[in-house]
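Quick notes on the structure that follows.
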Amino acid sequence: MAGKNERQRRQARERYRRQQEQRVTRQRQIRKRWITGVSAVAAAGLIAALLVLFLPSGSGKNASASASNSPSASASTSPSASASASSSAAAVAEPAHHCTYTKATPVSKNVGLPPATPDYTASYRATINTNLGPITVNLLNDKATCTVNSFVHLAETGFFNHTQCHRLLTSGIYVLQCGDAYATSTTKLDCSTSSTVGTGTPGYEYASENLTNATYPGGTVAMANNGTATSNGSQFFIVFKDSTSGLNGSSGPSYTPFATVSSGLNIVQNVAKDGYSCTYPQAGGGPPKKKVIIDSVTIKKT
């Protein structure tokens, strides 16, 4: 009898495990792309905003602050999902001489694939021209070559033109997220669960770079992803206040740092002071009250 009861318990545990795996798979399929990060507010002990593209749940190794919604797909608040963007891809020697970009959906705007052979010896400066003024960044081509190659491609093909920065996080993780062409300059950003904003890709994805000992001080520009190390696309975020503890999960850094702001960070900081208009129910943070529209991104190559 004892043996039979043990078999039944094992079978029940196995059924439960399979159900959990199926549930997680379904959640991942419907999740929005955001950045994820989890931190715990030391003073209040609150779990706050998970960041980014997706919504994993996450439990940061230095959990330090962050909000607490329970996002789902995007970088969320404290999501319910669970995968933290820290699955890592094999490290590639930088600067990379070859880049691999694979198809991805949903496609918010199709501008083709970047060249597979990057100009790894070049230096690039990008100017993000917004309705609030220019934000100039130095691209780290020698450390995140394929990411820079993609960003330059998206800028030069007009992918970012007339899009809005759709997500602001101001607790534990301090970032402004941009780069989804579903968020056009005329899109009314709200916190409806039916919104496609935050889910968009440029039609391709690629692996993370420059993660070894990565930190996220104010002025860092990094890629958002959907919880895996090969899901970088067009969405990126600008860190306006040190967010290293909030963004470094239990497995270490998960978001590719590919640029640093050289001027215009005050624009993002002023946007952050006004806060956001509503809270994304599954991702945390929300649309900034002060609208940030990217008119264009220009690239200077030297």
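Over the stretch 150-302, what is the mean sequence separation of C-alpha contacts under 8 Å (at least six apart), divided by residue count, expressed as relative contact order in percent?
32
Sorting the segments 232-241, 289-298 by their residues' average number of neighbouring beta-carbon atoms within 10 angstrom, most packed first, yields 232-241, 289-298.
Once all protein chains are placed together, residue 146 keeps about 20 Å² accessible to a 1.4 angstrom probe.
For the stretch 207-256, the Kirkwood hydrodynamic radius comes to 10.9 Å, computed from all pairs of different C-alpha atoms. For the listed residue pairs 188/241; 143/300; 109/273, the alpha carbons are over 22 angstrom apart in 188/241; 109/273. Ordering of 168-179, 129-140 by packing is 168-179, 129-140, highest average first (other Cβ atoms within 10 Å, averaged per residue). Here the simple spin-label model places points 7 Å from the Cα toward Cβ, and for residue 273 and residue 296 these points are separated by 3.0 nm. Averaged over residues, the count of other Cβ atoms within 10 Å places the peptides 255-262, 221-228 in the sequence 221-228, 255-262, highest first.
The values are calculated or read from the model by the stated rules, or taken from the named source; none is laboratory data. Everything numeric here is computed off the predicted structure, so don't read it as measured data. Cβ coordinates were reconstructed from backbone atoms using ideal geometry, including for glycine residues, and neighbour counts include every protein chain displayed. Please note that ligands, DNA and RNA were not included when accessible areas were found on the heavy atoms of the full protein model with its side chains. Shrake-Rupley method; radii C 1.70, N 1.55, O 1.52, S 1.80 Å.
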